[in-house]
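Encoded as structure tokens, the structure appears first; notes follow it.
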Amino acid sequence: PKNPMRRHYATHFPYPLDVERMQMAIKKLEGTHDFTGFTASGTSVEDKVRTITEASLAVDETGQFLTFTFSGNGFLYKQIRNMVGTLLKIGNNRMPVEQIDLILEKKDRQLAGPTAAPNGLYLKEIRYEE
């Protein structure tokens, strides 16, 4: 159930999710890809190629909370929120797992899911090469 005390720490998603489908889909995001299909329209960044070194999904012990973790060499405007929105749509069986491949291939934002709400999105760490 939706909890207003958690609104800064989590986003409520009121529909059933197939976490196994989401686990298969999230792994497709790892690697070096052109993430044009996952960025907000109107971005001024020309080079949209990024490398995601880790894309994972964990479920807490209650089964009520999902934690998405993404590590990479940089991210585009709203890229994470758009990827999470797509993963939620896949988990809700409203989009096939293979949609990730299609979005990366066609570089079309219209093929991706909705932008997930920002609640619960945190930048955990920044690492610089020496």
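The values are calculated or read from the model by the stated rules, or taken from the named source; none is laboratory data. It should be emphasised that the depicted structure is a prediction, and the values quoted were computed from it without experimental measurement. Positions of Cβ are generated from backbone atoms using ideal geometry, with glycine treated the same way; all protein chains shown enter the neighbour counts.
Would you mention how many residues in region 41-72 are over 22 Å from residue 91 (Cα atoms) and either at pLDDT below 95 or of a type in the set (A, V, I, L, M) (or both)? The total comes to 7. Residue selection: residue 20 fails the criterion of being of a type in the set (Asp, Glu), modelled with pLDDT of 95 or more and surrounded by 13 or more Cβ atoms within 10 Å (Cβ to Cβ). Say we look at region 57-78 and pick out the residues that are assigned to a loop (DSSP other than H, G, I, E, B) and among the polar types (S, T, N, Q); which of these is surrounded by the most Cβ atoms within 10 Å (Cβ to Cβ)? Only one residue fits best here, namely 73.
Sub-9 Å Cβ pairs linking a first residue in region 19-42 that is more than 17 Å from residue 74 (Cα to Cα) and outside any loop (DSSP other than H, G, I, E, B) to a second residue that is among the small types (Gly, Ala, Ser) and modelled with pLDDT under 95, at least 6 apart or interchain, are 19/63, ordered by first then second residue.
Of the set (1) at pLDDT below 95; (2) at positive phi, all apply to residue 93 but (1). Just for region 83-130: of the residues that are within 19 Å of residue 36 (Cα to Cα) and among the hydroxyl-bearing types (Ser, Thr, Tyr), which one is surrounded by the most Cβ atoms within 10 Å (Cβ to Cβ)? Among residues in region 83-130 that are within 19 Å of residue 36 (Cα to Cα) and among the hydroxyl-bearing types (Ser, Thr, Tyr), the one surrounded by the most Cβ atoms within 10 Å (Cβ to Cβ) is 86.
Of all the numbered requirements in (1) under 15 Å from the mean Cα position of the chain (by Cα); (2) closer than 18 Å to residue 122 by Cβ; (3) touching a residue at least 60 places away in the same chain (Cβ under 8 Å), residue 68 misses one, and that requirement is (3). For residue 82, indicate whether it is assigned to a helix (DSSP H, G or I) and either of a type outside the set (A, V, I, L, M) or modelled with pLDDT of 95 or more (or both). The answer is yes for residue 82.
Within region 41-53, not a single residue is among the small types (Gly, Ala, Ser) and closer than 29 Å to residue 6 by Cβ. Before we move on, is residue 54 loosely packed, with under 15 Cβ neighbours inside 10 Å, in contact with a strand residue (DSSP E or B) (Cβ under 7 Å, 6 or more places away or on another chain) and acidic (Asp, Glu)? Answer is yes for this residue.
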